[in-house]
Amino acid sequence: MALNRKIAYIDLSTGKIEIKPIPLDMRRKFLGGRGLDAYLLYNHAPKGCDPLGPENPVIVSGGILTATLASATARTHVMAKSPLGGMLGSCNMGGFFAPEMAWAGFHHLVIKGKAEKPVYLWIKNGKIEIRDARNLWGKTTTETQWTVREELGDEDIKSLVIGPAGENKVRFANVMTGIKNSGGRTGMGAVMGSKNLKAIAARGTMDIKISYPKEALEYNKRFIDQITSAKVNQTQGTLGTPFIWGATNSWGGVRCRNFQYNQQLYCDEIEPEAIDEACAETMGPYHMAGCFGCQVHCRAKYKIPTGPYKGVYDEGPEYTSQGAFCGEPDCTSLETLLTGNHLVDQWGMDNLETGSIISWAMELYELGILTSKETDGLDLRFGNDEALLEMTRRIAFREGWLGNVLAEGGIIASEKIGKNSFDYLIQVKGVSNLHSDERATPALALNIATASRGSDHLRSRPAIDLYHLPQEVMRKIYSNPVPYDGPLSSEHTEYIGKPWQVFWHENCYMAVDCLGICKYHTTFLGATLPNFEDWSKVIYLNTGLEFTPREIWDIAERCNMMERLFNLREGLQREDLKKGDMLNHRYFDEPTRRGAPDVVGRVIDREKFKKMVDELYEYKGLDKNGVPKPETLKRLGVEKEPSRLL
Amino acid sequence: MEPMGKVLAISPEKCTGCRLCELVCSVFHDGVSNAARSRIKIMKWESEGLYIPMSCQQCQDAPCMIVCPVKAISRDEKLSRVMVNHDICIGCRSCVTVCPFGAMGFNVIDRKNFKCDLCDGDPQCVRFCEIKAVDYLDADRVSIAKKKAAAEKITAAQRQAIALESESH
């Protein structure tokens with residue numbers, strides 16, 4: 001059964017591997033996935049450790065429901081201290097790796113130390129082996145995966161790999177599986193690279209017993225019908241995530257030219273329908289792919305139609321690639337988008353961070369803070385497609401002065417570039433903002449400012465806040481499973497009631513990440529999608545564990561607190577621009593220039609923002625400085641952490 | 001008498017590669033999640049984005065049935081399927097070797113062969129496949145969709161010809 005999946009501790013320095021069961025009381029406190037990872041990180045990472053040093057553990061996991069009947073249990077989670085901002089590092093990806101690892105008998109891996117030479121892990125049916133990876137070093141993400149399969153003689157092997165960017169310790173190198181599934185944020189690929197760990201290969205044929213198979217099948221069917229009947233998921237299933245970019249750009253919620261504009265103009269070529277057409281032309285009318293068990297199938301398949309990479313197959317481009325290779329650098333070519341998306345996939349680099357940091361450098365170049373001396377002659381102005389792709393390559397391979405500097409991530413790069421370059425860097429906790437512009441949406445601004453892994457939408461974004469939902473609908477969502485009778489506003493430009501929404505979504509998304517399912521299957525983009533009450537049933541039918549919806553909420557709150565404790569230990573201070581719950585000054589000082597009438601001319605009100613943070617802290621049981629009150633730690637049962645139980 | 005039973009109709013081009021069919025197949029038959037137990041398997045060419053669902057074709061002159069030395073395999077005409085009687089089966093795996101589609105599996109945990117039984121008339125792979133890359137149709141309807149698609153091209157040509165003709169007048 002799911003509950004007998006094990007945890008393995010692997011020391012790459014000594015080669016020692018230890019396998020342990022996961023005690024039931026730990027499941028009851030942290031469930032699994034990201035939640036248990038947060039416990040493990042807090043307990044295994046020494047305070048102030050070097051993120052690229054051997055003592056920083058990299059933790060890989062599936063959720064408690066991975067490979068069971070819970071709609072889409074595809075997600076793999078990776079956690080470590082981040083080399084980008086020195087705070088919590090955490091990434092989450094779809095694909096097929098976590099289910100394979102679960103069938104091979106494991107839910108969590110804690111990998112420490114550093115191998116002398118490049119190695120990879122080979123996990124098969126309860127056993128783990130450390131193998132020589134010298135022949136894999138230097139290979140792209142897909143070459144690595146296919147070579148591992150060939151070497152081990154099994155086409156069904158699923159691998160989690162790094163590309164050249166991870167080997168080169170680019171601080172925003174990602175971890176990848178398949179063609180496209182990327183654990184993009186916070187540089188987990190660099191952490192693997194620092195350990196000389198090129199890949200983790202898994203293959204499993206061990207049964208995962210389903211507690212109530214008939215009922216679980218029936219419930220899953222209902223679950224899937226609920227999920228696929230949501231209009232938003234139907235659109236995802238035909239246009240993929242680009243549809244979100246298109247919709248957001250139409251009203252002015254997208255970053256353009258770093259942070260100078262909030263909408264990209266003249267970009268017909270990269271609108272979702274145009275991308276879809278390119279996919280259909282190269283791959284046929286059915287060109288969508290799905291992660292394990294998912295009926296939303298939001299990932300498009302395409303071949304690059306023109307240019308030097310003409311005919312090359314890849315998947316995506318998703319929402320973040322559009323921001324990275326179009327919106328932020330203000331490039332409007334489909335070829336650039338599809339090519340850029342392919343290059344970062346192959347080299348193993350976070351597309352979001354790549355596009356964001358290059359756009360920052362472009363603004364610095366146009367301001368004269370960077371000159372052609374630093375760019376080695378590259379004309380790094382906005383809208384220069386060639387320069388964008390060339391700089392992407394230089395970062396991945398750390399070539400040229402600027403390529404090498406940008407590969408260090410925004411915070412270190414701003415220190416090396418100097419002058420007032422940091423003022424233009426759009427980041428939180430060292431992690432670049434998603435390419436969305438939150439100046440007209442205070443709830444979303446609060447979300448990115450306070451997200452545990454740095455500026456990020458997948459931690460607590462109340463995306464449905466943009467839908468202007470009727471009050472009764474909002475009330476129904478936000479007063480379960482814990483009562484809430486405070487104010488709620490359907491207006492996205494409001495500040496009132498938003499902290500509760502952010503708090504609610506923070507717990508909702510944490511629960512999702514503990515279960516190992518995708519956020520498209522919960523109250524993220526669709527207001528009618530499942531959450532706590534459904535999970536209580538689905539956990540029971542699959543694992544036999546009984547939780548009330550409220551208990552799942554409490555677990556999520558506890559897990560979020562573990563992440564908070566980690567960040568505090570690593571130096572989080574509320575208003576610190578590099579390590580705090582704070583936004584770049586431009587959010588408060590520069591009004592938006594484009595967009596719909598209720599979007600143009602907006603800034604985030606500094607005082608109201610502070611009040612929102614105060615209120616969110618109150619819900620989270622933190623004091624005014626963002627530090628948990630003793631009674632909160634006690635209530636959540638984490639007052640004795642680190643407890644070193646696992 | 002009912003006409004011959006329905007068949008599993010697979011449209012590979014529609015498959016998104018999610019493998020939910022493999023999961024529900026193993027849960028329905030064995031009460032466990034284990035893709036290795038699934039009667040249906042998605043074969044993938046990942047670097048080209050090609051996914052092909054493979055399952056038993058329930059052959060009329062089934063090689064597995066012919067090769068079986070103890071006559072453990074027979075056709076169930078009511079559901080138009082090929083069935084294994086495990087009380088008779090000796091586990092020699094001749095059927096696994098001979099199947100041209102690789103649709104006969106051998107389970108190393110239970111030491112038994114296994115194959116698609118159409119879930120007794122309600123194939124779970126079909127039920128859960130929203131995009132209907134796997135469908136359950138009357139045998140004589142399988143080719144209809146292709147006929148229609150091909151015919152559509154002819155009608156398009158005809159319409160064009162008529163339009164051209166009327167323009168020239």
Percent relative contact order for the stretch A:244-415, counting Cα pairs under 8 Å at least six residues apart, stands at 17 percent
From the Cα centre of the stretch A:524-601 to that of the stretch B:56-97, the distance in Å is 55 Å
With Cα springs under 10 Å, the Gaussian network model of chain B assigns the largest mean-square fluctuation among B:Asp138, B:Asp120, B:Asp87 to B:Asp87
Chain B, Gaussian network, Cα under 10 Å: of B:Ile154, B:Ile88, B:Ile131, the residue fluctuating most is B:Ile154
Rounded to a whole number, the mean other protein chain Cβ count within 10 angstrom for residues of B:45-58 is 3
Ordering A:108-114, A:371-377 by per-residue average of other C-beta atoms within 10 angstrom, highest first, gives A:108-114, A:371-377
Per the helix-only model, the protein assembly as shown has a calculated mean residue ellipticity at 222 nm (DSSP H runs of ≥4, -39500 (n - 2.57) each, divided over all residues, rounded to the nearest 500) of -11000 deg cm²/dmol
Residues A:Ser61, A:Ser455, B:Ser143 in order from fewest to most other beta-carbon atoms within 10 Å are B:Ser143, A:Ser455, A:Ser61
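In peptide A:216-229, what is the residue-averaged number of other protein chain Cβ atoms found within 10 Å of each Cβ? Please report the intermediate quantities before stating the final value.
Working: counts 4, 8, 0, 0, 5, 4, 0, 0, 4, 1, 0, 1, 2, 0.
For peptide A:216-229, the averaged partner shielding equals 2.
Once you keep just the Cα pairs under 8 angstrom separated by 6 or more residues, what percentage relative contact order results for the stretch B:6-140? Don't skip to the answer; put the middle values down first.
On the way: 235 pairs, mean separation 43.3, N = 135.
Computed over the stretch B:6-140, the figure is 32 percent.
In Å, the Kirkwood hydrodynamic radius of the stretch A:314-439 over pairs of distinct alpha carbons? All intermediate terms of the calculation are to be shown ahead of the outcome.
Details: mean 1/r = 0.0707 Å⁻¹.
By the Kirkwood definition, the hydrodynamic radius is 14.1 Å.
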Expressed in angstrom and rounded, the centroid-to-centroid distance over alpha carbons for the stretch A:293-342 and the stretch A:349-378 is 21 Å
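Kindly rank A:612-618, A:413-419, A:164-170 from highest to lowest mean number of other beta carbons found within 10 Å of each residue. Mind dumping the intermediate values first?
Working: A:612-618: 20.3, A:413-419: 16.4, A:164-170: 26.4.
Answer by packing, highest mean first, reads A:164-170, A:612-618, A:413-419.
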Ranked by GNM mean-square fluctuation in chain B (Cα springs under 10 Å), the top entry among B:Val108, B:Val142, B:Val82 is B:Val108
When the charge dipole of the protein assembly as shown is computed with +1 on Lys and Arg Cβ and -1 on Asp and Glu Cβ about the Cα centre, the Cα farthest towards its positive end, among A:Met288, A:Ala98, A:Gly183, belongs to A:Ala98
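What size of dipole, in debye to the nearest 20, comes out for the stretch A:573-646 about its Cα centre when the only charges are +1 on Lys and Arg C-beta atoms and -1 on Asp and Glu C-beta atoms? Don't jump to the answer; show the numbers that get you there.
Numbers: 18 positive and 15 negative charges, 41 e Å.
Roughly 200 debye, rounded to the nearest 20.
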Using alpha carbon centers only, the stretch A:51-87 is separated from the stretch A:158-201 by a whole-angstrom value of 12 Å
For the stretch A:579-646, averaging the sequence separation of alpha carbon pairs under 8 Å that lie six or more residues apart and dividing by its residue count, the contact order in percent is 15 percent
If every Lys and Arg gets +1 and every Asp and Glu gets -1 at its Cβ, then about the Cα centre chain A yields a dipole, in debye to the nearest 20, of 2020 debye
Projected onto their principal axes, the Cα atoms of the stretch A:26-119 stretch, largest extent first, over whole-Å spans of 40, 32, 22
Rounded to the nearest 10, the angle in degrees between the Cα long axis of helix B:144-168 and the longest principal axis of the Cα atoms of chain B comes to 10 degrees
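What is the gain in length, in nm to one decimal, between A:Glu590 and A:Glu215 on full extension, counting 0.36 nm per residue of separation less the C-alpha to C-alpha distance? Spell out each step's value before the answer.
Details: separation 375, 0.36 × 375 = 135.00 nm, distance 5.49 nm.
Result for the pair: 129.5 nm of gain on full extension.
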For the stretch A:286-367, the charge dipole (Cβ of Lys, Arg +1; Cβ of Asp, Glu -1; about the Cα centre) points to a positive end, and the Cα of A:Leu334, A:Gln346, A:Val312 closest to that extreme belongs to A:Val312
For chain A (alpha-carbon point model, no solvent) the Debye-based log₁₀ I(q)/I(0) at q = 0.05, 0.06, 0.07, 0.10 Å⁻¹ works out to -0.19, -0.28, -0.38, -0.84
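Mean Kyte-Doolittle hydropathy of -0.5 or higher plus an axial Cα length of 18 Å or more: which whole DSSP H helices in chain A meet both? Before the final figure, lay out the partial values.
Numbers: long enough: A:213-228 (22 Å, -1.00); A:334-347 (20 Å, -0.04); A:351-367 (24 Å, 0.31); A:498-515 (26 Å, -0.12); A:549-569 (30 Å, -0.67); A:606-620 (21 Å, -1.60).
Sorted by number, the helices that extend far enough and score high enough are A:334-347, A:351-367, A:498-515.
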Relative to chain B, whose Cα atoms define the longest principal axis, helix B:20-30 and its Cα axis are tilted in degrees, nearest 10, by 30 degrees
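Please work out the ratio of the alpha-carbon Rg of the stretch B:6-140 to 2.2 N^0.38 Å and round it to two decimals. Intermediate values should be presented prior to the final figure.
Details: Rg = 14.5 Å, N = 135, 2.2 N^0.38 = 14.2 Å.
My calculation over the Cα atoms of the stretch B:6-140 gives 1.02.
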Long-range amide H partners of B:Arg19, meaning residues 5 or more apart or on another chain whose placed amide H is closer than 5 Å, are A:Gly293
Per principal axis, largest first, the Cα atoms of the stretch A:277-383 extend in Å by 48, 27, 22
Fewest-first ordering of A:Glu150, A:Glu494 by Cβ atoms within 10 Å yields A:Glu150, A:Glu494
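Which value, in debye to the nearest 20, gives the size of the charge dipole of chain B about its Cα centre, when Lys and Arg are +1 and Asp and Glu are -1 at the Cβ? Each step should come with its number before you reach the end.
Numbers: 23 positive and 21 negative charges, 71 e Å.
Rounded to the nearest 20 debye, it is 340 debye.
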Per residue of A:120-126, other chain Cβ atoms within 10 Å number on average 0
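Quick note: the coordinates plus some simple rules give every number you see, no bench work behind them. All of these numbers come straight from a predicted model, not from anything done at the bench. So basically every Cβ, Gly included, is an ideal-geometry build from the backbone, and we count neighbours across all protein chains shown.
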